[in-house]
1. Looking only at region 15-45, how many residues end up being under 12 Å from the mean Cα position of the chain (by Cα) and modelled with pLDDT under 75?
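The values are calculated or read from the model by the stated rules, or taken from the named source; none is laboratory data. It should be emphasised that the depicted structure is a prediction, and the values quoted were computed from it without experimental measurement. When we count neighbours, we look across all protein chains shown, and the Cβ atoms used for this are built from the backbone with ideal geometry, even at glycine.
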């Protein structure tokens with residue numbers, strides 16, 4: 001009988017350790033998801049402020065529309081520009097794990113569409129953001145710097 005009790009205790013301890021490890025992993029994942037969601041929300045605010053600044057500086061000329069709307073995913077958003085002279089341009093930003101996926105679509109006035117996808121890695125729990133471009137890393141210290149980089153193709157004429 002004593003041997004049976006020891007066997008039960010020996011089997012119980014690894015199971016409890018495994019359950020505790022799984023709980024710690026789950027908490028860490030929730031914390032990381034929360035940090036990534038916070039970064040995406042801050043990026044959206046920075047983009048909205050940049051758009052507001054552009055519209056105020058340009059006086060919102062006729063034939064020019066610049067919007068920031070909810071995207072197709074729960075956390076994503078889309079920046080769109082409609083211009084009579086240049087055509088339609090859009091940027092869709094979504095969170096995909098540890099990566100911000102940025103999809104550009106440019107449609108010129110004659111209907112030709114150009115598509116490009118960028119993946120921006122968020123490391124160190126979201127404290128650093130980097131884009132690998134032509135074999136070199138481009139890092140962004142703040143969401144404001146990232147916003148200015150992402151909006152350049154949309155705002156340039």
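1. If we filter region 15-45 for residues that are under 12 Å from the mean Cα position of the chain (by Cα), which is where we start, we get 33, 35-44.
Filter again for modelled with pLDDT under 75, leaving 33, 35-36.
Count: 3.
Rundown of residues vs (1) under 20 Å from residue 39 (Cβ atoms); (2) surrounded by fewer than 18 Cβ atoms within 10 Å (Cβ to Cβ); (3) touching a residue at least 40 places away in the same chain (Cβ under 8 Å); (4) in contact with a strand residue (DSSP E or B) (Cβ under 6 Å, 6 or more places away or on another chain), yes/no style:
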residue	(1), (2), (3), (4)
69	yes, yes, no, yes
84	no, yes, no, no
94	yes, no, no, yes
101	yes, yes, no, yes
112	no, yes, no, no
115	no, yes, no, yes
121	yes, yes, no, yes
132	yes, yes, no, no
155	no, yes, yes, no
